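Notes to accompany the following structure.
The values are calculated or read from the model by the stated rules, or taken from the named source; none is laboratory data. Nothing here was measured: the structure is a model prediction, and the numbers come from that model. Here the Cβ positions follow ideal geometry from the backbone for every residue, glycine too, while neighbour counts run over all protein chains shown.
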Amino acid sequence: MSGKIGYNQNMKKISLLLSFAFIACGCVGMTYTDGDSAKPWIKIVSSKTDMTGNVTDVCYRFDLHFTPAEAITRLDTDGDCITQCCWYSQHRSVKLNFNNGFADELQKNAIAKKYDPDSLTIFVKYSPFLNLISGKADNKSVMDSDGTITLKYNEVKDQEHYLTMAKEEEKAENYDNVKAHEGSYMYKKDVPPEELAKTKYAEEQKQKAEAAEAAKEKMQEMPADEREQLLQEKLKYERKQAVLLLKRFYGQKIDSYIMSIDKAQRRKGLVLLANDRNWTTVKTGSPVYKVTCKVDGKLGSTQYNMKSYPIDCGVYVVNLDDQTVIANDNMARSIVNEEYKD
C-alpha cells in the first residue's frame, strides 16, 4: 500500500514539473524578435507582422566593407541597402554598380578608377519559418565571408585634359607666389577683391566650357555604341547626384512632412504605410534637373483593408553645377517652409 502511495506522489511531482516545463517553453515560444541572420554582413533592422504576430516582411541592411575604400562613393548607398534598410518583398536581389559615374569623374578630374568587376549582384533569401535571412554574391571571388568586397581597378587618364589641369595648377601656384610678395601689383589694392572674384569665376567657366568641348570631341571619335554607353552612364550618374543633393538639402523636412500625415491618421485610428520615396528626374538644363517626389502610400485600419494613399511631396529644381536646390511648386515650398504645421 505504501509503495502505491509513493508511486502516486512521484507521478504528481513529475506532472507538476512537466506543467512548469510546458509553461516555460510556451513563454520562450512567445518571445518576439525581428529575426536572425546567417551572414555577419546582412542585418535585419525591422519587420512587419500580421494581426496574429507572424512576420510578413523584413527590412534588411548590408554591412559591407570595400577595398579600395573609395569604391563605395560610386554606389547609391540608400538604394543599395547599405545606409538604409530595404524590404525583402521589394528587394530580393541588389546589384552594386561600381562604375556608375566613371565617365563624369574622368571628365571632371581627368583621372578615374575603372573597377573590375563592373558590378556585383547580391541575392537575398528570407525564411519566415526559421525567421532567418541569408545572402550570397554572384561572384564569390570578389566578396569574402565577412562582407569585404575587393575590387581590381585601372586608373584611366584623359591625357590632354590632365596636362591642361597641370598647367592651370602651375599657373595658380605662380599667382599665389606673386600675391604673397608684398611689393607685387596683385597684393596692392589696385584690383578690388570683387573684381578678382569675377575674373576667377569667368576663368573657371571658360575652363569648364573648354573641358566639356574637348570631352565632346573625344566622344565623337568613339564608336557609336561606346559613345552611347558613356552618355547613359553620365546621365545616370547626374540623376543620382540630383536626388542625393535634394535629400541632403530637404530630406529631413520631407520626412517630417510624411510623419505629420502619419500622426494625423493615427489619431483617426488608421495606419499609414509610407516607407518608400519615389524620385522622378527630368533633365531641363546642363546639368539641371527637375525632381518630383512621390510616396506610394497605403492607408487602412488593418492590413486587410489597406487602400492606395498617394502622397505628393513636392517638385524641386536641382542645379548640380551651382549645388543649389529650389522648391518649384506650392507643395515643395510648404514643406521647405514648414507651413503645413498647425
Those residues of the range 246-280 which are acidic (D, E) and closer than 15 Å to Y309 by Cα amount to D262, D276
How many residues does the range 274-293 contain that are crowded, with 16+ Cβ neighbours inside 10 Å, out of contact with any Phe, Trp or Tyr (no Cβ under 8 Å at 6 or more places or on another chain) and assigned to a strand (DSSP E or B)? 4
Out of all the residues in the range 63-109, which are closer than 26 Å to Q229 by Cβ, of a type in the set (S, T, N, Q), out of contact with any Asp or Glu (no Cβ under 8 Å at 6 or more places or on another chain) and not in a helix (DSSP H, G or I)? T77, S93
Restricted to the range 49-58 and to residues being in contact (Cβ under 8 Å) with a residue 60 or more places away in the chain and outside any loop (DSSP other than H, G, I, E, B), the residue surrounded by the most Cβ atoms within 10 Å (Cβ to Cβ) is V58
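Each row is one residue, and each column tells you yes or no for (1) among the basic types (K, R); (2) farther than 23 Å from D80 by Cα; (3) modelled with pLDDT under 90; (4) in contact with a Phe, Trp or Tyr (Cβ under 8 Å, 6 or more places away or on another chain).
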| position | (1), (2), (3), (4) |
| --- | --- |
| A103 | no, no, yes, yes |
| L106 | no, yes, yes, no |
| Y126 | no, no, no, yes |
| G135 | no, no, no, yes |
| M143 | no, no, no, no |
| Q159 | no, yes, yes, no |
| L163 | no, yes, yes, no |
| E170 | no, yes, yes, no |
| N177 | no, yes, yes, no |
Take the residues in the range 258-287 that are in contact (Cβ under 8 Å) with a residue 40 or more places away in the chain and over 20 Å from the mean Cα position of the chain (by Cα); name whichever of them is nearest to Q323 (Cα to Cα). P287
Determine whether K307 is surrounded by fewer than 19 Cβ atoms within 10 Å (Cβ to Cβ), over 17 Å from L246 (Cα atoms) and not assigned by TED's automatic domain parsing to the domain that holds S256. no
Which of the residues spanning the range 299-328 are at pLDDT below 90 and part of a strand (DSSP E or B)? none
Can you confirm whether the range 30-45 contains a residue that is assigned to a helix (DSSP H, G or I), of a type in the set (A, V, I, L, M, F, W, C) and either outside the structural domain of S119 (by TED's automatic domain parsing) or modelled with pLDDT under 90 (or both)? yes
